[in-house]
1. Among Ala154, Ala125, which is modelled with pLDDT of 90 or more and either part of a strand (DSSP E or B) or out of contact with any Ser or Thr (no Cβ under 7 Å at 6 or more places or on another chain) (or both)?
2. I'd like to check something: does region 2-23 contain any residue that is assigned to a helix (DSSP H, G or I), surrounded by 12 or more Cβ atoms within 10 Å (Cβ to Cβ) and modelled with pLDDT of 80 or more?
3. Of all residues in region 113-137 being over 21 Å from Glu157 (Cβ atoms) and small (Gly, Ala, Ser), which is surrounded by the most Cβ atoms within 10 Å (Cβ to Cβ)?
4. For region 35-43, indicate whether the set of residues that are in the same structural domain as Ser56 (by TED's automatic domain parsing), in a helix (DSSP H, G or I), at pLDDT 90 or above and not basic (Lys, Arg) is non-empty.
5. Can you list residue pairs whose Cβ atoms sit under 6 Å apart, with the first residue in region 24-50 being closer than 13 Å to Pro12 by Cβ and in contact (Cβ under 8 Å) with a residue 24 or more places away in the chain and the second being of a type in the set (A, V, I, L, M, F, W, C) and in a helix (DSSP H, G or I)? Count only pairs 6 or more apart in sequence or on different chains.
6. Does Ser72 fit the bill of being at pLDDT 90 or above and of a type in the set (S, T, N, Q)?
7. Pull up region 9-28, narrow it to residues that are β-branched (Val, Ile, Thr) and under 14 Å from Gly39 (Cβ atoms), then point me to the one that is farthest from the chain's Cα centre (by Cα).
8. Give me the residue from region 79-112 that is among the basic types (Lys, Arg) and in the same structural domain as Leu130 (by TED's automatic domain parsing) and, out of that set, nearest to the chain's Cα centre (by Cα).
Amino acid sequence: MDLHGGVGPQIPILAPSISTAAQARLPSWLRVLAYAADGPALLAQKWERIELAEKSRLEGVLLGDSTDSRFSIRAAMERGEKNRYPNIWPFEWNRVKLPDVLEGEDDYFNGSYVADGLGRRRYIATQAPLPTTYDDFWKVIWAEGVQVIVCLTAMEEGGQVRRAFGGGLTAG
């Protein structure tokens with residue numbers, strides 16, 4: 001719906017003045033977007049195509065058209081009450097699962113494995129636990145042998161001060 005009729009007002013591109021020789025050394029896509037008179041319109045069109053493609057992909061995932069694809073978020077949709085945010089879901093293919101779960105039991109944990117790109121380290125990206133997922137969080141930490149936890153978040157959420165890994169918020 002947000003994309004109906006475009007992505008919004010065009011933002012002017014304020015590229016620095018450089019010689020035509022320097023412009024010629026730029027990648028052609030950048031030269032056209034930065035220095036052509038219709039650069040902002042072209043950029044808006046490209047952005048809109050990307051946004052429409054992503055919207056279509058997400059609709060397919062949410063409607064179940066791709067439950068067996070690489071982009072499946074089936075478990076996240078089924079166990080939504082375990083997600084801190086309604087729009088942050090792990091893909092099935094790299095989802096961290098709760099350890100020591102019997103067959104048929106719920107193994108859902110909102111976390112994804114992330115590699116460093118060099119094949120040397122593997123990380124887990126997850127959300128701060130909810131009061132109802134506090135135990136799950138620490139089960140995964142223990143089972144995966146996590147030695148360092150880095151919390152990248154604002155210290156307040158919804159006007160309340162967060163407790164570090166305390167399973168929720170406290171009045172501040």
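1. Values: Ala154 fails: modelled with pLDDT of 90 or more.
That would be Ala125, the only listed residue that is modelled with pLDDT of 90 or more and either part of a strand (DSSP E or B) or out of contact with any Ser or Thr (no Cβ under 7 Å at 6 or more places or on another chain) (or both).
2. Keep residues of region 2-23 that are assigned to a helix (DSSP H, G or I), which gives 20-23.
Next, from what is left, pick out any that are surrounded by 12 or more Cβ atoms within 10 Å (Cβ to Cβ): 23.
Filter once more, so that each one left must be modelled with pLDDT of 80 or more: 23.
Yes, some residue in region 2-23 is assigned to a helix (DSSP H, G or I), surrounded by 12 or more Cβ atoms within 10 Å (Cβ to Cβ) and modelled with pLDDT of 80 or more.
3. Here the answer is Ala115.
4. Of the residues in region 35-43, the ones in the same structural domain as Ser56 (by TED's automatic domain parsing) are 35-43.
So of that shortlist, the ones also in a helix (DSSP H, G or I) come out as 35, 39-43.
Among the residues that remain, those that are also at pLDDT 90 or above are: 35.
Those left that are additionally not basic (Lys, Arg): 35.
So far as region 35-43 goes, yes, one or more of its residues are in the same structural domain as Ser56 (by TED's automatic domain parsing), in a helix (DSSP H, G or I), at pLDDT 90 or above and not basic (Lys, Arg).
5. These pairs meet every condition: Gly39/Leu33; Leu43/Leu33.
6. On the way: at pLDDT 90 or above: no; of a type in the set (S, T, N, Q): yes.
Judged against the criteria, Ser72 is not a match.
7. Of all residues in region 9-28, those β-branched (Val, Ile, Thr) come to 11, 13, 18, 20.
Imposing the further condition that a residue be under 14 Å from Gly39 (Cβ atoms) reduces the set to 11, 13.
Numbers: Ile11: 25, Ile13: 27 Å.
Here the residue is Ile13.
8. Filtering region 79-112 for residues among the basic types (Lys, Arg) gives 79, 82, 84, 95, 97.
This time we only want the ones that are in the same structural domain as Leu130 (by TED's automatic domain parsing), so: 95, 97.
Values: Arg95: 13, Lys97: 18 Å.
It comes out as Arg95.
The values are calculated or read from the model by the stated rules, or taken from the named source; none is laboratory data. Note that this is a predicted model, so its numbers are computed, not measured. Positions of Cβ are generated from backbone atoms using ideal geometry, with glycine treated the same way; all protein chains shown enter the neighbour counts.
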